[in-house]
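To start, the structure under review is shown below, and the notes come after it.
The values are calculated or read from the model by the stated rules, or taken from the named source; none is laboratory data. Please read these numbers as outputs of a predicted model, since none were measured by experiment. Here the Cβ positions follow ideal geometry from the backbone for every residue, glycine too, while neighbour counts run over all protein chains shown.
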């Protein structure tokens, strides 16, 4: 699957296979988990584009639906306390992920090991950013 349309088609095919009892429940759970991660990643990328535009630094998506991954895409060191306060949760997660050198929150979660630990570290990092400003 190379795009969200392919993912959507694959999920509907999986639903049909579930109805016909042609697939194991564990496989369905795995596919759904992976699909949710892909969808979440795309939402974060879209949010990053919106955030970049809000900062006046519009970026065009690359050929694979992604955003530019260099640190200049969201200049962490130039992000002010007020800008952080105005961000939604996805934007804050992306900013934290970028601070770790990751392309997106999904990559950071994978690196850290769990979503709960990612959120814990993100919140601590955001608190430190606010104290530093």
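Some notes on this structure:
- Going through (1) in contact with a helix residue (DSSP H, G or I) (Cβ under 8 Å, 6 or more places away or on another chain); (2) more than 21 Å from residue 108 (Cβ to Cβ) one by one, residue 37 falls short only on (2).
- If you check 82, 27, 119, 71 for being modelled with pLDDT under 85 and in contact with a helix residue (DSSP H, G or I) (Cβ under 9 Å, 6 or more places away or on another chain), only one passes: 71.
- Inside the stretch 104-125, residues that are under 16 Å from residue 44 (Cβ atoms) and either surrounded by 20 or more Cβ atoms within 10 Å (Cβ to Cβ) or more than 9 Å from the chain's Cα centre (by Cα) (or both) make up a count of 12.
- Among the residues of the stretch 7-49, those identified as under 22 Å from residue 90 (Cβ atoms) and free of Cβ contacts under 8 Å to residues at least 24 places away in the same chain are 8, 32, 33, 34, 36, 46, 49.
- All of (1) touching a helix residue (DSSP H, G or I) at 6+ places or on another chain (Cβ under 7 Å); (2) part of a helix (DSSP H, G or I); (3) under 24 Å from residue 5 (Cα atoms); (4) at pLDDT below 80 hold for residue 44 with one exception: (4).
- Residue tally, condition in a loop (DSSP other than H, G, I, E, B), touching a residue at least 40 places away in the same chain (Cβ under 8 Å) and over 18 Å from residue 36 (Cα atoms), over the stretch 85-133: 2
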